[in-house]
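Since the structure comes first, as structure tokens, the remarks are kept for the end.
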Amino acid sequence: MSLPTAYHQMLSTLSEEAELRMELVEKPFPTPKAHEVVIRVEATPINPSDQGVMFGWSNMSSASSNGSGADTVLKAPVTPQGMAIMKARIGQNLPVGNEGAGTVIAAGDSPEAQALMGKTVAALSGAMYAEYCTVPAMSCLPLLPEHSAKDGASCFVNPLTALSMVETMKLEGHSALVHTAAASNLGQMLNKICQADGVDLVNIVRREEQVKILKDLGAKYIVNSSSETYMTDLTDAIHATGATLAFDATGGGQLASQILTAMEGAAARTPGAYSIYGSIHHKQVYLYGGLDVSPTTLTRGYGMAWGVGGWLLPNFLAKIGMEAGNKLRMRVAKELKTTFASHYTDEISLTEALDADIVARYFAKTTGEKFLICPQKDI
Ligand SMILES: NC(=O)c1ccc[n+]([C@@H]2O[C@H](COP(=O)([O-])OP(=O)(O)OC[C@H]3O[C@@H](n4cnc5c(N)ncnc54)[C@H](OP(=O)(O)O)[C@@H]3O)[C@@H](O)[C@H]2O)c1
């Protein structure tokens with residue numbers, strides 16, 4: 001098979017002049033080092049975490065695109081506040097696309113790299129929004145023969161995060177979980193994991209349609225934050241499950257504080273769980289996403305045994321080490337078409353991913369709308 005001489009890669013750049021620019025650049029086809037492989041990228045999802053790198057704190061409601069084909073350019077203005085937050089990336093051409101899957105078409109000399117030649121693999125790279133991508137052989141997950149690149153495109157970010165939430169719960173001595181924006185792609189995976197593993201999960205959503213999605217999946221505890229009885233419902237569910245650990249995908253507003261308030265209220269109903277300093281057991285909320293960009297507001301009325309902090313998948317995987325991480329990866333590979341199946345509403349090319357009208361659709365991060373970039377589609 002003859003290899004191409006050049007390929008297109010998507011880059012995101014923030015200029016000193018407060019403008020975000022996204023475009024495709026042409027690069028020479030890479031020569032892999034001994035331990036590396038080159039993947040022909042066939043499917044790569046657009047997750048909220050990718051959009052953090054793509055757009056950051058730009059004003060996407062004023063984004064526009066021009067040009068056509070490989071010359072399409074997306075631009076968006078950035079406010080002074082956004083510039084202050086993104087200062088460290090000014091002038092850098094950032095590759096995008098955390099995860100994806102495709103076929104290994106070139107490999108370095110090492111036996112591990114050579115063993116992957118011709119295989120369909122999934123990989124985590126940070127530069128997957130491209131026609132080709134070079135990664136270390138050991139970071140590839142070979143897919144089972146019955147799985148296609150589309151099946152394996154979302155193998156890492158959401159599946160490993162959902163599994164790691166349950167691992168965090170066990171490591172930190174909690175026995176049940178609370179999750180927000182719970183009808184998300186990740187939230188649906190978490191429901192399947194918790195049901196299979198016998199872990200109680202309190203799902204917080206904001207719409208009745210999302211209650212139905214989770215009910216249909218068999219979820220037992222679902223609380224709608226738009227309901228008049230929200231805080232009572234949340235406290236009841238936390239009391240029933242004993243959850244003292246929450247993962248909040250919104251990150252902003254009052255949600256984290258409301259969860260801690262409900263945990264405190266639940267503890268107050270439990271004999272022996274309360275002291276004059278508030279409830280005894282440590283209550284923790286991890287902000288693991290930024291769907292709500294407003295400031296995080298804490299209205300402290302929950303004693304002193306609590307914490308609110310950030311949580312990031314790569315840091316957690318580094319903490320548990322290679323062996324434990326591999327066990328999680330093996331489970332993902334085995335349950336790819338069931339627990340960890342992702343459904344895509346749109347399959348788009350690299351160029352379409354820069355079209356302002358299409359960007360507006362996937363930027364909304366609406367429940368059930370997931371976009372898949374297929375970089376081999378015509379540019
Ligand atoms: N920290 C990490 O390592 C890590 C790793 C993986 C994923 N994540 C995070 O996981 C989250 C879920 O990812 P995903 O791919 O599963 O998302 P997704 O499928 O795109 O779903 C997003 C969900 O969030 C809801 N939502 C959006 N804005 C909201 C808001 N302000 N308040 C409440 N709900 C809101 C949407 O509901 P509506 O339809 O009502 O808008 C939708 O159900 C993201 O925040 C992502 O950044 C973090």
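Scan (1) at pLDDT below 95; (2) in a loop (DSSP other than H, G, I, E, B); (3) open to solvent by less than 20 Å² (accessible area, probe 1.4 Å) for the single condition L350 breaks and write down its number. Checking L350 against (1) at pLDDT below 95; (2) in a loop (DSSP other than H, G, I, E, B); (3) open to solvent by less than 20 Å² (accessible area, probe 1.4 Å), the one that fails is (1).
Quick grid of which residues meet (1) within 10 Å of the ligand (Cβ to nearest atom); (2) of a type in the set (K, R); (3) within 30 Å of A101 (Cα to Cα):
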| site | (1), (2), (3) |
| --- | --- |
| G152 | no, no, yes |
| F156 | yes, no, yes |
| T161 | yes, no, yes |
| I213 | yes, no, yes |
| I222 | no, no, no |
| A237 | no, no, no |
| G242 | no, no, no |
| G265 | no, no, no |
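Take the conditions (1) away from the ligand (no atom under 16 Å from the Cβ); (2) at pLDDT 95 or above; M138 misses just one of them, which is (2). Of the residues examined, I204 is one that is buried (at least 21 other Cβ atoms within 10 Å of the Cβ), part of a strand (DSSP E or B) and touching a Ser or Thr at 6+ places or on another chain (Cβ under 9 Å).
Could you tell me whether the stretch 207-218 includes any residue that is open to solvent by less than 60 Å² (accessible area, probe 1.4 Å) and outside any helix (DSSP H, G or I)? Checked against the condition, which is being open to solvent by less than 60 Å² (accessible area, probe 1.4 Å) and outside any helix (DSSP H, G or I), the stretch 207-218 yields at least one hit. Exactly one residue among A183, A262, A243, A237 is assigned to a loop (DSSP other than H, G, I, E, B), over 23 Å from F371 (Cβ atoms) and open to solvent by less than 40 Å² (accessible area, probe 1.4 Å), and that residue is A243.
The number of residues in the stretch 172-203 being at negative phi, more than 13 Å from the ligand (Cβ to nearest atom) and without any contact (Cβ under 8 Å) to a residue 40 or more places away in the chain comes to 4.
Screening the stretch 332-346 for residues that are open to solvent by less than 20 Å² (accessible area, probe 1.4 Å) and assigned to a helix (DSSP H, G or I) and picking the one that is nearest to E369 (Cα to Cα) gives V332. As for the stretch 268-283, it holds no residue that is outside the structural domain of N47 (by TED's automatic domain parsing), hydrophobic (A, V, I, L, M, F, W, C) and buried (at least 23 other Cβ atoms within 10 Å of the Cβ). When residues in the stretch 303-331 are screened for being closer than 25 Å to F55 by Cβ, open to solvent by 70 Å² or more (accessible area, probe 1.4 Å) and not in a loop (DSSP other than H, G, I, E, B), 2 of them pass. Does the stretch 290-302 include one or more residues that are touching a strand residue (DSSP E or B) at 6+ places or on another chain (Cβ under 9 Å), within 16 Å of the ligand (Cβ to nearest atom), open to solvent by less than 60 Å² (accessible area, probe 1.4 Å) and in a strand (DSSP E or B)? Taking every residue of the stretch 290-302 in turn, none turns out to be touching a strand residue (DSSP E or B) at 6+ places or on another chain (Cβ under 9 Å), within 16 Å of the ligand (Cβ to nearest atom), open to solvent by less than 60 Å² (accessible area, probe 1.4 Å) and in a strand (DSSP E or B).
Of the residues T229, T270, the single one that is farther than 29 Å from G52 by Cα, among the β-branched types (V, I, T), modelled with pLDDT under 95 and more than 13 Å from the ligand (Cβ to nearest atom) is T270. In the stretch 303-318, the residues that are free of Cβ contacts under 8 Å to residues at least 24 places away in the same chain form Cβ pairs under 9 Å with partners that are not in a helix (DSSP H, G or I), at six or more places apart or across chains, as follows: P314/L124.
Determine, yes or no, whether K365 is at positive phi, in contact (Cβ under 8 Å) with a residue 12 or more places away in the chain and either open to solvent by 50 Å² or more (accessible area, probe 1.4 Å) or away from the ligand (no atom under 12 Å from the Cβ) (or both). Taking the combined requirement at face value, the residue satisfies it. In the stretch 246-258, of all residues being in a helix (DSSP H, G or I) and either within 13 Å of the ligand (Cβ to nearest atom) or at pLDDT below 95 (or both), the one that is most open to solvent (accessible area, probe 1.4 Å) corresponds to Q258.
Here N93, N47, N66 are screened, and the one residue that is closer than 22 Å to I379 by Cα, open to solvent by 50 Å² or more (accessible area, probe 1.4 Å), in contact (Cβ under 8 Å) with a residue 60 or more places away in the chain and assigned by TED's automatic domain parsing to the domain that holds T367 is N93. Checked against (1) in the same structural domain as F55 (by TED's automatic domain parsing); (2) in a strand (DSSP E or B); (3) hydrophobic (A, V, I, L, M, F, W, C), V178 meets all criteria but (1).
The values are calculated or read from the model by the stated rules, or taken from the named source; none is laboratory data. Please read all numbers here as calculations on a predicted model, not as lab measurements. Quick reminder, even Gly has a Cβ in these numbers, built from the backbone with ideal geometry, and neighbours come from all protein chains shown. Each accessible area value is taken on the protein alone, full model and side chains, heavy atoms only, with ligands, DNA and RNA left out. Shrake-Rupley method; radii C 1.70, N 1.55, O 1.52, S 1.80 Å.
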